[in-house]
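Every number in this text was worked out from the coordinates using simple rules, so none of it is lab data. Note that the structure is a prediction, hence the values are computed from the model and not measured. Reconstructed Cβ throughout: ideal geometry from the backbone, glycine too, with neighbour counts over all protein chains shown.
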Amino acid sequence: MQKAIGLAAAPLVERVAQRLAPGSEGFNLRFAERFTRALDIPVICVGGFHSRVAMEGAIRAGSCDAVSAARAFIADPYLFLTVTGDPVPDRPVCGYCNGCIARFGGQPVECYSPAIRARKDAMLRRPIPAESEAR
C-alpha cells in the first residue's frame, strides 16, 4: 500500500521539486563555502555538478573539499569519461527536474525526463571508444 501511495504521489512531488530546483551547476556552492569556513571537517558540495570545469573550480576556489554528482551520473552513466578528459559526444546532461529523486523508493533510480532519457538510451546503444582509441 505504501509503495502504491508513493508511486501515485511521484508526479506531484516531481512538480514541486522542479519549482524548487535552481537548475544551475553548483547551485549550493554558496552554502558549501559557509560550511567550509566554519567547520574543521571536509565539506562535500552537492548541487548539479556535471562538468569537470565546475567541479575543479569549486575545489580550487576552496569552496568545498569535494563535489557530488549523483543526478549527473543518473542522466549520464559515462560522466566519468567527461571528467577524466574523454567526453562522449552528444551526452545527456541532467536538466534538474528532480524526477529521479521524486520517485525514490517507489521506482528504480533513473532519469525520468523523456528528452534526457532518450539521449541517454541512444548514447548507451552506441559503442564507447576505449580510452586509448579516444586519444
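In this structure, the amide hydrogen of residue 67, modeled 1.01 Å from its nitrogen in the peptide plane, lies closer than 5 angstrom to those of 45, counting only residues at least 5 positions away or on a different chain. What is segment 42-125 by shape, rounded, prolate or oblate, if you read a ≥ b ≥ c off the alpha carbon gyration tensor as root eigenvalues and call it rounded for a/c under 1.5, prolate for a/b larger than b/c, and oblate otherwise? Judged from the Cα gyration tensor, segment 42-125 comes out oblate (a/c at least 1.5, b/c at or above a/b).
Taking other C-beta atoms within 10 Å as the exposure proxy, 76, 40, 121 rank 40, 121, 76 from fewest upward. Rounded to the nearest whole Hz, the Karplus-based 3J(HN,Hα) values (6.51 cos²θ - 1.76 cosθ + 1.60, θ = phi - 60°) of segment 56-63 follow the sequence 5, x, 5, 6, 4, 6, x, 5, with x at glycine and proline.
Given a Förster distance of 35 angstrom, what is the FRET efficiency for residue 117 paired with residue 39, based on the Cβ-Cβ distance and rounded to 0.05?
Efficiency, rounded to the nearest 0.05: 0.40.
Using θ = phi - 60° in the Karplus curve 6.51 cos²θ - 1.76 cosθ + 1.60, the 3J(HN,Hα) couplings for segment 81-87 round to 5, 5, 5, 8, x, 10, x Hz; x is entered for Gly and Pro.
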